[in-house]
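The values are calculated or read from the model by the stated rules, or taken from the named source; none is laboratory data. As the structure is a prediction and not an experimental result, all values here were calculated from the model. Note: ideal-geometry Cβ built from the backbone for every residue, glycine included; neighbour counts use all protein chains shown.
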Amino acid sequence: MCNCCNKDSKYYEPFETILSGFRGVESELIPILQKLQEAYGYLPEDIIKRLSERTGIFVTQIMGVATFYSQFKLRPAGKHSVKICFGTACHVNGAETVAEALCDELGIKLGETTPDGLITLESVACLGCCSLAPVIMIDDEAFGRLTASKVRQIIRDLYEKEGKSK
Amino acid sequence: MKLLIGLGSCGIAAGGMKVRDAFTELSAQNPGIDLVIAETGCMGMCYKEPMVELIDDKGFGTVYGGVTPEIAKEIFEKHILGGVPAEEYVVAKSDGGGAEGSFISKQQRIVLSRCGKINPESIDEAIAMGAYKGLEKALKSMTPEEVIAEVLASGVKGRGGAGFPTGLKWKFAAAEKADQKYIICNADEGDPGAFMDRSVLEGDPHSVIEGLAIGGYAIGASEGYVYARAEYPIAIKRLQIAIKQAEERGLLGDNILGTGFSFHLHIKQGAGAFVCGEETALIASIEGQRGMPRMRPPYPANKGLFGKPSNINNVETLANIGWIIRNGAEKFAAIGTEKSKGTKVFALAGKIKRGGLVEIPIGLTIRDVVFGIGGGTVSGKPFKAVQLGGPSGGCIPAELVDTVIDYDTLNATGAIMGSGGMIVMDEDNCMVDIARYFLNFTQSESCGKCTFCKIGTKRMLEILERITKGEGVEGDIEKLEYLADQIRRNALCGLGQTAPNPVLTTLRYFRHEYEAHIRDKKCPAHQCKALIKYEIDPAKCIGCTACAKKCPVNAIEGKAKTAHSIDQAKCIKCGTCLSSCKFGAISVD
């Protein structure tokens with residue numbers, strides 16, 4: 001655990017606010033981690049350590065839970081999240097081709113973040129809007145009935161909107 | 001007049017919010033008109049989203065589909081202001097008319113009876129359509145034993161997939177003596193391609209709350225949990241609102257309806273683990289641990305959440321309960337086949353013309369659903385198979401299209417009723433690839449606790465991957481069958497025990513496709529990229545350059561007005577050229 005980074009006092013404010021709403025017992029571990037991730041964008045190492053100190057739940061146990069569930073992130077994510085759906089309906093309608101085009105366009109693999117920190121690309125099991133298959137979701141917006149060329153254009157548009165070049 | 005706007009997840013994804021804003025703005029510009037704009041959940045016709053329903057003062061509804069802000073303006077001017085329906089956008093009418101009327105007319109709605117009709121955030125609208133009447137009847141005029149007897153008599157079985165009789169499950173939990181018991185709603189809908197539970201929670205959360213409260217009364221539980229996927233934010237929000245409203249009305253909480261029965265309901269959000277749909281894993285997850293299944297017995301009915309007797313039911317199962325108590329078991333049991341009663345909700349998707357959420361009386365055939373309701377394949381190409389039950393289920397081939405949809409008949413095909421995912425496939429879908437797809441899913445979701453699942457599915461996946469890459473060898477099929485049998489018999493939980501099903505059913509009905517991959521190094525459906533090749537017929541190519549412009553990797557060469565060719569070394573086999581050629585000059589083999 002690293003404590004050399006001298007976080008300013010404000011850094012731990014969300015942590016304190018969140019923990020004050022819980023008793024700190026084991027059955028609350030998942031909701032606590034969900035709230036912490038919501039506030040910090042991921043689960044930073046020092047926050048996990050502090051959580052362990054506060055609740056008495058071992059770091060190993062917290063890490064066990066944090067790594068078991070796919071929702072929890074241990075590294076900061078990009079500014080935008082791009083999720084590609086690999087549900088059955090998307091699969092039979094060509095999700096793999098769309099995914100290849102996405103990876104190629106962004107120059108990263110699934111689960112990675114672009115070097116400029118703009119986009120994190122993830123795969124999800126099902127977004128549940130099967131009639132729009134194949135689907136990707138950028139932040140909270142779904143884009144449906146995609147093809148390889150459409151998805152490339154969507155990414156180019158996103159970069160243009162951000163005023164960045166790839 | 002009342003205008004309902006379908007704002008389930010898929011309605012929103014398709015642009016429903018923009019449509020709502022357009023109508024709101026139009027309404028504000030015409031202050032004199034009598035129009036109430038309300039939100040509702042899923043209307044079922046996902047393929048026509050965004051949808052709106054205009055209900056006139058006599059209660060006659062006209063449903064519009066594929067609405068955009070521009071079409072909204074037309075509907076507003078013609079129908080709302082002018083009184084004449086904008087027929088070209090009408091998909092259904094109250095009297096069964098409309099272009100898509102046959103999508104609805106074959107359905108029978110119990111679970112979805114209020115979905116798409118009420119504002120899910122208004123308890124008054126739910127109550128006006130019968131919500132909580134079953135709870136009132138149970139608490140005021142029935143003993144817990146009578147409630148269980150009624151549910152048993154209805155014949156309702158668990159809709160999550162396993163099909164265990166709900167009344168029997170309740171009886172076991174009721175028989176336990178304990179200071180505290182729990183009833184849990186399993187809303188961890190994880191099958192890819194399934195969205196039944198989400199739609200029910202988004203469209204009519206009160207039906208699930210009512211089912212839980214009745215179940216709590218029946219088994220003697222004063223605490224309940226809904227374990228919902230974190231990926232369903234709208235469902236969770238609407239459920240939170242519904243619980244609060246029910247508490248305010250005295251339909252949840254202490255001393256419900258003055259009967260002395262108390263029931264408190266909590267929501268627990270999952271964190272993304274498919275295995276948590278298994279009941280002992282779900283319990284571990286609520287307790288704050290890694291969601292790993294444990295050996296049964298003891299069953300949750302004896303030793304469940306926090307070590308107390310617990311009963312777990314699926315969303316759809318619980319949504320039936322209020323209806324059953326309100327209308328009586330006999331009326332429910334009149335629907336369905338001899339051994340499978342009631343209705344079943346399916347999420348119809350894949351290569352289907354009219355995909356969406358359908359609720360059918362059990363006993364229809366696959367043909368009735370795929371062709372009668374779904375309108376056949378969207379491509380117009382021959383129907384090849386339907387996949388039921390997601391990663392635990394199997395593929396039923398076109399020749400068995402007249403199979404009756406009930407628990408026993410479906411089990412006999414090797415598939416299962418499942419939780420309700422129904423994915424339609426046409427001749428362009430490779431069945432080996434489908435098997436690989438599902439096994440890849442279960443393998444990555446395997447919790448890693450037992451060897452048969454953790455390593456067995458990994459080995460099966462490796463074999464399937466090499467087959468789809470053209471590297472399959474003689475003996476692979478037999479090896480798959482051996483592993484499948486071992487995993488089925490020895491895995492710890494339902495996830496592992498059913499994981500081989502997609503492989504076994506495709507082997508049963510489409511063995512020749514496996515053999516073509518292994519022996520001839522061909523993919524008959526032209527899906528497996530390592531086994532296909534795109535080529536341009538120089539006699540048919542006129543050199544229009546359309547394909548060359550679209551090719552994402554510049555693999556197509558040739559001057560304008562002369563025949564083009566594909567550089568096979570560069571080609572990524574994405575199929576873009578094939579779909580861009582207007583002259584049929586590109587073929588795949």
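General remarks:
- Residues of segment B:264-299 satisfying the condition of being in a loop (DSSP other than H, G, I, E, B), of a type in the set (A, V, I, L, M, F, W, C) and within 13 Å of chain A (Cβ to nearest Cβ): B:ALA271, B:ALA273, B:MET292
- Inside segment B:389-398, residues that are out of contact with any Leu (no Cβ under 9 Å at 6 or more places or on another chain) and in contact (Cβ under 8 Å) with a residue 40 or more places away in the chain make up a count of 2.
- Residue in segment B:237-256 that is nearest to the chain's Cα centre (by Cα), counting only those that are crowded, with 20+ Cβ neighbours inside 10 Å and among the hydrophobic types (A, V, I, L, M, F, W, C): B:LEU239
- Considering segment B:345-355, the residues that are part of a strand (DSSP E or B) and either at negative phi or more than 11 Å from chain A (Cβ to nearest Cβ) (or both) include one that is farthest from the chain's Cα centre (by Cα), namely B:ILE352.
Conditions tested, residue by residue: (1) in contact with a Cys (Cβ under 9 Å, 6 or more places away or on another chain); (2) of a type in the set (Gly, Ala, Ser); (3) free of Cβ contacts under 8 Å to residues at least 24 places away in the same chain.
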position: B:ILE243; (1), (2), (3): no, no, no
position: B:GLU247; (1), (2), (3): no, no, yes
position: B:GLY253; (1), (2), (3): no, yes, yes
position: B:THR259; (1), (2), (3): no, no, no
position: B:ALA281; (1), (2), (3): yes, yes, no
position: B:ASN302; (1), (2), (3): no, no, no
position: B:LEU318; (1), (2), (3): yes, no, no
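Here's the yes/no breakdown for (1) among the β-branched types (Val, Ile, Thr); (2) without any contact (Cβ under 8 Å) to a residue 60 or more places away in the chain; (3) in contact with a helix residue (DSSP H, G or I) (Cβ under 8 Å, 6 or more places away or on another chain); (4) assigned to a helix (DSSP H, G or I):
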residue	(1), (2), (3), (4)
B:GLN443	no, yes, yes, yes
B:LYS449	no, no, no, no
B:CYS453	no, yes, yes, yes
B:GLU474	no, yes, yes, no
B:LEU483	no, yes, yes, yes
B:LEU492	no, no, yes, no
B:GLY496	no, yes, yes, yes
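- Residue selected from segment A:31-66 under the condition of a type outside the set (Val, Ile, Thr) and not in a helix (DSSP H, G or I), by the criterion farthest from the chain's Cα centre (by Cα): A:GLY56
- Any hit, segment B:327-343, residues being within 14 Å of another protein chain (Cβ to nearest Cβ), outside any loop (DSSP other than H, G, I, E, B) and not basic (Lys, Arg): no
- Of the candidates B:ALA138, B:ALA128, B:ALA178, the single residue that is more than 14 Å from chain A (Cβ to nearest Cβ), over 30 Å from A:ALA89 (Cα atoms) and either of a type in the set (Ser, Thr, Tyr) or crowded, with 22+ Cβ neighbours inside 10 Å (or both) is B:ALA138.
- Any chance A:GLY21 is more than 14 Å from chain B (Cβ to nearest Cβ) and under 13 Å from the mean Cα position of the chain (by Cα): no
- Hits in segment B:21-75 - residues which are touching a residue at least 12 places away in the same chain (Cβ under 8 Å), of a type in the set (Asp, Glu) and not in a loop (DSSP other than H, G, I, E, B): B:ASP21, B:GLU39, B:GLU53, B:GLU74
Matching residues to (1) modelled with pLDDT under 95; (2) surrounded by fewer than 24 Cβ atoms within 10 Å (Cβ to Cβ):
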| site | (1), (2) |
| --- | --- |
| B:ASN327 | no, yes |
| B:GLY356 | yes, no |
| B:GLU359 | no, yes |
| B:ASP368 | no, yes |
| B:ASP402 | no, yes |
| B:GLY421 | yes, no |
| B:ASP426 | no, yes |
| B:MET431 | no, no |
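- Which numbered condition B:LEU112 fails, given (1) away from chain A (no Cβ under 14 Å); (2) in a helix (DSSP H, G or I): (2)
- If the condition is being part of a loop (DSSP other than H, G, I, E, B) and either among the aliphatic types (A, V, I, L, M) or touching a strand residue (DSSP E or B) at 6+ places or on another chain (Cβ under 9 Å) (or both), then segment A:141-166 contributes A:GLY144, A:LEU146, A:GLU162.
- Yes/no for A:PHE72 being at pLDDT 90 or above, crowded, with 16+ Cβ neighbours inside 10 Å, within 26 Å of B:LYS351 (Cβ to Cβ) and not basic (Lys, Arg): no
- Only one entry in B:ALA398, B:ALA412 is surrounded by fewer than 19 Cβ atoms within 10 Å (Cβ to Cβ) and touching a Ser or Thr at 6+ places or on another chain (Cβ under 9 Å), namely B:ALA412.
- Scanning segment B:569-588 for residues that are assigned to a loop (DSSP other than H, G, I, E, B) and either under 34 Å from the mean Cα position of the chain (by Cα) or buried (at least 17 other Cβ atoms within 10 Å of the Cβ) (or both) yields B:CYS571, B:ILE572, B:LYS573, B:CYS574, B:GLY575, B:CYS581, B:ALA585.
Here's the yes/no breakdown for (1) among the hydrophobic types (A, V, I, L, M, F, W, C); (2) farther than 27 Å from B:TYR225 by Cα; (3) in contact with a strand residue (DSSP E or B) (Cβ under 7 Å, 6 or more places away or on another chain); (4) at the interface with chain B (Cβ under 9 Å from one of its Cβ atoms):
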site	(1), (2), (3), (4)
A:GLU26	no, no, no, yes
A:TYR40	no, yes, no, no
A:ASP46	no, yes, no, no
A:VAL65	yes, no, no, yes
A:PHE68	yes, no, no, yes
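- Only listed residue being part of a helix (DSSP H, G or I), modelled with pLDDT of 95 or more and within 30 Å of B:ARG294 (Cβ to Cβ), chosen from B:ARG511, B:ARG488, B:ARG466: B:ARG488
- Filtered by the rule that a residue be among the aliphatic types (A, V, I, L, M), under 18 Å from the mean Cα position of the chain (by Cα) and within 13 Å of chain B (Cβ to nearest Cβ), segment A:70-90 gives a lone residue, A:ILE84.
- Considering residues of segment B:547-585 that are among the small types (Gly, Ala, Ser) and away from chain A (no Cβ under 14 Å) only, the residue farthest from A:GLN153 (Cα to Cα): B:ALA563
- Scanning segment A:48-63 for residues that are within 14 Å of chain B (Cβ to nearest Cβ), surrounded by fewer than 15 Cβ atoms within 10 Å (Cβ to Cβ) and of a type outside the set (Phe, Trp, Tyr) returns A:GLY56, A:THR60.
- Remark: B:ALA484 matches the filter, which requires a residue to be in contact with a Pro (Cβ under 6 Å, 6 or more places away or on another chain), surrounded by 14 or more Cβ atoms within 10 Å (Cβ to Cβ) and closer than 13 Å to B:ALA435 by Cα.
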